[in-house]
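See structure below.
The values are calculated or read from the model by the stated rules, or taken from the named source; none is laboratory data. Bear in mind the structure is a predicted one, so any value in this text is a computation, not a measurement. Neighbour counts run over all protein chains shown; Cβ positions are idealised from the backbone, glycine included. Please note that ligands, DNA and RNA were not included when accessible areas were found on the heavy atoms of the full protein model with its side chains. Shrake-Rupley method; radii C 1.70, N 1.55, O 1.52, S 1.80 Å.
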Amino acid sequence: MWKKMKRVKEFKSWKANETKQGDSLQGLIEKLKQSKDFVTYHHSGPTNCFLYYIKTINEQGFLHQSVLPILKNNALHTLDQIKDKIPVENITITSDLEEIRRKIMQGNIMIQIKVTDDEVLLIPAATVETRKVTTPEVEFSVVGPKEAFVESLDTNLNLIRKRLPLPELTVRELVVGKVSKTRVAIVYIDGIANMENVNTVLQRIGDIEYDQIIDSSFITQMISDNSNSPFPQLLDTERPDRISGVLTEGKIAILVDGSPSGLTGPTTIVEFFSASDDYYLTWHLASALRLLRLFAVIFSVLTTPLYVAILTYHHEMIPEDLMSTIITSRADIPFPPILEVIILELTIELLREAGARLPTKVGQTIGIVGGIVIGTAAVEAGLTSNVLLIIVALAALASFTTPVYQIGNTIRLIRFPFLIGAQWYGLIGISMCMAFFIGHLTKLQSLGRPFFAPLYPFRIRDLKDAFVRLPFNKQSKRPMQTRPVDSTRFNPKRANEKRDIDE
Amino acid sequence: MNSNVLRILLLSCFVFLLTACVPSTSVEDVDTILIAGYDYIDDEQIRGTISIPQFGRLETGGSMKEKYLSSTANTVKEVHAKLQTKSSKPLTVGKLALSLYNEELAQNGLGEVLDNLGRDPQVGRDIILGVVEGSTEGFIKGKYSETETAAKYLTGLIRGNMEKNFPTTNLHQFLYAYHAKGMDGYLPLLAQEENYVRLTGIALFQDGKMVHSIPFSKSFIFKILKEKFQQGTQEVEFKNRHIVMENIGSSVKYHVKGKGSDSKVRIDIEITGIINEVSSLDVLQSPKMVELMEKRFEKFFQKQCEIMVQDFQEYNIDPLGLGNTYNSQVRGFDINKWKEIYPSLPIEINVGVEIVETGIVS
């Protein structure tokens with residue numbers, strides 16, 4: 001109780017301090033002066049004025065070329081005169097303290113005629129350090145565009161806008177985070193995207209109460225419909241082509257300043273297994289690859305639990321020819337199958353985690369050392385069986401096939417409940433786990449739209465681009481999932497017209 | 001704490017607490033019975049013999065080793081309990097492939113043994129049952145192959161023949177026939193000869209007791225009467241020569257008519273075949289000849305089938321399941337009445353043979 005009171009008191013005094021120092025321009029300047037990179041400069045000459053700016057976020061060249069020469073060459077006595085002379089747009093004259101504080105923190109140059117003046121001139125001159133646009137590293141694709149988002153929101157918006165040059169592409173911006181004041185852009189195509197979805201996103205992001213938003217994954221977790229689910233309910237991607245692709249389907253993209261990945265929603269579980277490659281290959285190949293990926297995921301989740309269940313409870317399921325192989329390789333193992341599996345799964349998870357944390361060059365070595373040396377040694381030392389080593393390695397390999405990184409982590413995790421189920425009740429345990437997860441998935445929503453669609457609710461129209469991808473001329477309708485305002489992509493009649501005498 | 005979390009915690013608590021009762025053993029820590037054989041000792045006792053594969057520690061296993069255990073007791077369950085006392089690891093029947101009975105036991109009734117098999121969920125429904133001439137103990141212990149277990153050898157033998165002339169048989173079918181109204185089961189009859197096993201014929205049962213058998217040479221006839229099949233071969237004498245026909249598709253249909261004592265059964269058999277072997281080449285393969293051959297085959301099959309069916313009627317057994325068909329098609333089936341009329345039931349057999357090919361010699 002006492003502690004709580006103390007905390008409230010501290011907070012109050014901090015708040016009071018803020019208003020005391022911040023309630024005047026003078027106070028603000030005094031506060032900023034404590035930082036070394038805040039520059040106060042008295043410009044004397046034809047124009048007598050004071051310049052204030054934070055040099056680390058200011059473009060120095062701009063100051064030297066466009067501001068100082070004008071002040072030096074002209075005798076200007078009012079802020080309006082300066083405003084007229086300086087060749088930049090968006091110059092504001094204001095005495096609103098809140099605006100001054102915000103703009104100066106964003107890299108504006110503040111000009112004051114007299115120290116005691118309340119009115120100041122603000123010239124935008126911010127410079128933001130960013131990385132160059134590079135090739136995607138997480139969602140690499142062999143064919144197709146090779147641009148990936150960077151940490152700057154404006155660059156990212158540029159990458160989207162250049163792909164969708166139409167006035168309906170709307171960018172709404174919100175500022176989230178009490179301390180970080182992060183710019184969050186909500187992008188959608190007006191006239192395609194359902195306003196209900198847009199409003200859901202705007203409202204949810206607007207309601208976020210948190211001090212800092214460092215990455216878009218913060219937003220995913222904060223606005224997801226069920227934050228206790230291991231399944232990500234917004235798809236994150238670093239590919240601008242993917243984002244512009246889903247925008248035209250009527251989905252909504254969320255971009256966060258400082259984050260190299262965008263979020264899209266409403267999404268479905270099958271979208272996590274579709275790669276952008278799927279659209280760059282012919283539809284048969286794309287469909288085959290998608291089915292392969294789906295198989296890989298099911299394989300990855302279920303093989304080790306099946307191994308445990310069959311070896312512990314259902315011996316009759318082992319084919320007779322495999323019997324001797326399994327028994328001879330298990331004969332020397334001192335552990336029951338479940339422990340054997342957990343040991344090996346943990347080893348693989350350790351390798352993955354170590355590989356992800358270490359610098360690239362060391363990471364590769366660790367992969368080789370871990371995979372070959374530990375694997376072989378474990379078998380030779382009689383800790384695990386050969387058969388299991390193959391199964392675990394294949395399962396790990398299969399879990400890497402997911403095109404979206406986030407769902408890969410989920411698959412990594414949900415294997416363990418299945419393992420426990422397999423040890424408890426054998427195949428019944430696995431089925432129970434499966435029933436639980438499917439039940440959970442059917443209940444899950446993404447921005448209020450069903451996450452397990454097009455399977456539940458069953459939507460034939462959306463199945464055309466789910467487990468298989470039908471050719472483009474069959475996809476004349478946008479997915480029902482997003483409830484688009486305009487659901488027609490193109491006129492199927494014209495697209496399917498036979499052009500026999502094309503020359 | 002909110003009630004949902006509490007509920008989940010409680011549930012997982014139960015899951016933890018209530019699971020101790022599921023016994024589990026890893027696959028290498030059990031002895032898997034591959035073959036089980038039962039011999040008749042006297043009216044009270046039966047002797048059970050099992051074969052358990054022994055897997056080597058090295059992956060390059062070498063020859064297959066097997067362990068054999070035998071025990072004598074009053075009931076099948078007791079036999080199993082006694083066998084367990086002779087084994088270091090728990091015995092499981094999950095991989096049971098063959099269950100064998102000697103002729104004497106079969107003649108005294110397999111009811112008890114079958115009940116035991118039928119109730120066990122671990123036992124697959126597609127395991128093979130068989131009747132052995134002589135003792136099953138010696139039969140199981142006979143070393144037949146260097147590279148495979150006796151179980152594999154025997155199931156291979158029976159399954160291989162099931163693809164050809166021998167009728168399909170497994171636990172499921174036998175149990176169905178055993179429990180069905182108006183149907184009797186049959187099992188393969190096996191005999192051990194020196195270091196191999198021979199399929200000698202078909203053992204025919206009545207209410208779980210073996211009452212009759214037919215030799216292997218007649219199994220083709222039995223099979224065309226019993227089921228749809230392909231790939232069997234049958235030899236027929238034709239103009240003092242032997243010709244062999246390969247069946248590439250045959251179908252059989254039972255038609256039942258009438259009620260009570262004026263019931264009638266018609267069996268229609270259609271066979272499509274190719275001529276596989278003619279003992280001398282001078283039999284010209286002209287279309288006319290083929291027609292004659294077809295006629296000859298039809299006559300032969302008709303005759304053989306009639307003899308076989310009459311044989312069944314004499315013994316009052318119904319391995320074809322005519323009563324079962326009757327039950328499913330005619331209202332008011334009475335099994336006792338059927339048993340009365342079955343021996344004198346008029347059964348008409350029509351066989352149609354079509355020879356589509358005579359080989360590439362011509």
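Points to keep in mind about this one:
- Qualifying residue in region B:279-287 (condition: closer than 23 Å to B:PHE216 by Cβ and assigned to a helix (DSSP H, G or I)): no
- First in region A:324-352 and assigned by TED's automatic domain parsing to the domain that holds A:THR303, second anywhere and open to solvent by 60 Å² or more (accessible area, probe 1.4 Å) and acidic (Asp, Glu), Cβ under 6 Å, 6 or more apart: A:THR328/B:GLU59
- Close pairs from region A:423-443: first under 18 Å from B:LEU11 (Cβ atoms), partner among the hydroxyl-bearing types (Ser, Thr, Tyr) and assigned to a helix (DSSP H, G or I), Cβ under 7 Å, at least 6 apart: A:GLN423/A:THR312; A:MET432/A:TYR425
- None of A:LEU427, A:LEU470 is more than 23 Å from the chain's Cα centre (by Cα) and more than 14 Å from chain B (Cβ to nearest Cβ) except A:LEU470.
- Helices (runs of 4 or more DSSP H) (entirely within region A:298-372) containing at least 3 residues that are more than 9 Å from every other protein chain (Cβ to nearest Cβ): A:337-357, A:360-368
- Flag if B:LYS264 is at pLDDT below 90 and among the basic types (Lys, Arg): yes
- Near pairs, Cβ below 6 angstrom, 6+ apart or cross-chain, from region B:1-13 (free of Cβ contacts under 8 Å to residues at least 24 places away in the same chain) to any residue that is exposed (fewer than 10 other Cβ atoms within 10 Å of the Cβ): none
- Qualifying residue in region B:269-282 (condition: closer than 24 Å to B:ASN165 by Cα, at pLDDT 90 or above and open to solvent by 30 Å² or more (accessible area, probe 1.4 Å)): yes
- Whenever a residue of region B:90-106 is within 12 Å of another protein chain (Cβ to nearest Cβ), its partners that are in a helix (DSSP H, G or I) and among the charged types (D, E, K, R), lying with C-beta atoms within less than 6 angstrom and at least six residues away or across chains, give the pairs B:GLY94/A:GLU316; B:LYS95/A:GLU316.
- From the options A:VAL171, A:VAL256, residue that is touching a residue at least 40 places away in the same chain (Cβ under 8 Å) and either within 25 Å of A:GLY144 (Cα to Cα) or not charged (D, E, K, R) (or both): A:VAL256
- Hits in region A:159-180 - residues which are in a loop (DSSP other than H, G, I, E, B), open to solvent by 70 Å² or more (accessible area, probe 1.4 Å) and within 18 Å of A:LYS251 (Cβ to Cβ): A:GLU168
- Residue list for region B:296-340, restricted to those being part of a loop (DSSP other than H, G, I, E, B), modelled with pLDDT of 90 or more and open to solvent by 40 Å² or more (accessible area, probe 1.4 Å): B:ASN316
- Going through (1) surrounded by fewer than 22 Cβ atoms within 10 Å (Cβ to Cβ); (2) modelled with pLDDT of 90 or more one by one, A:LEU311 falls short only on (1).
- Residues in region A:141-158 that are open to solvent by less than 10 Å² (accessible area, probe 1.4 Å) and within 16 Å of the chain's Cα centre (by Cα): A:ALA148, A:PHE149, A:VAL150, A:LEU153, A:ASN156.
- Cβ-Cβ contacts under 6 Å between residues 6 or more apart (or on different chains), taken from a first residue in region A:269-295 that is without any contact (Cβ under 8 Å) to a residue 40 or more places away in the chain to a second residue that is open to solvent by 20 Å² or more (accessible area, probe 1.4 Å), are absent.
- Criterion violated by A:ILE93 - all others in (1) surrounded by fewer than 17 Cβ atoms within 10 Å (Cβ to Cβ); (2) part of a loop (DSSP other than H, G, I, E, B) satisfied: (2)
- Unmet criterion (only one of (1) touching a residue at least 24 places away in the same chain (Cβ under 8 Å); (2) among the hydrophobic types (A, V, I, L, M, F, W, C); (3) farther than 25 Å from A:GLU129 by Cβ) for A:ILE70: (1)
- Meets criteria (within 14 Å of chain B (Cβ to nearest Cβ) and either touching a Cys at 6+ places or on another chain (Cβ under 7 Å) or open to solvent by less than 70 Å² (accessible area, probe 1.4 Å) (or both)) for A:GLY448: no
- Taken over region B:175-188, the criterion of being in contact (Cβ under 8 Å) with a residue 24 or more places away in the chain and either over 26 Å from B:ILE52 (Cβ atoms) or surrounded by 22 or more Cβ atoms within 10 Å (Cβ to Cβ) (or both) is satisfied by B:ALA177, B:TYR178, B:ALA180, B:LYS181, B:GLY182, B:MET183, B:ASP184, B:GLY185, B:TYR186, B:LEU187, B:PRO188.
- Among the residues of region B:30-86, those that are part of a helix (DSSP H, G or I) and either at pLDDT 90 or above or open to solvent by 10 Å² or more (accessible area, probe 1.4 Å) (or both) comprise B:LYS77, B:GLU78, B:VAL79, B:HIS80, B:ALA81, B:LYS82, B:LEU83, B:GLN84.
- Residues in region A:209-246 that are more than 21 Å from A:LEU159 (Cα to Cα), acidic (Asp, Glu) and open to solvent by less than 60 Å² (accessible area, probe 1.4 Å): A:ASP225 only.
- Whenever a residue of region B:120-141 is within 14 Å of another protein chain (Cβ to nearest Cβ), its partners that are surrounded by fewer than 16 Cβ atoms within 10 Å (Cβ to Cβ), lying with C-beta atoms within less than 6 angstrom and at least six residues away or across chains, give the pairs B:ARG125/B:HIS172.
- The listed residue being open to solvent by 60 Å² or more (accessible area, probe 1.4 Å), farther than 27 Å from B:VAL351 by Cα and not acidic (Asp, Glu), out of B:LYS228, B:LYS209, B:LYS218, B:LYS239: B:LYS209
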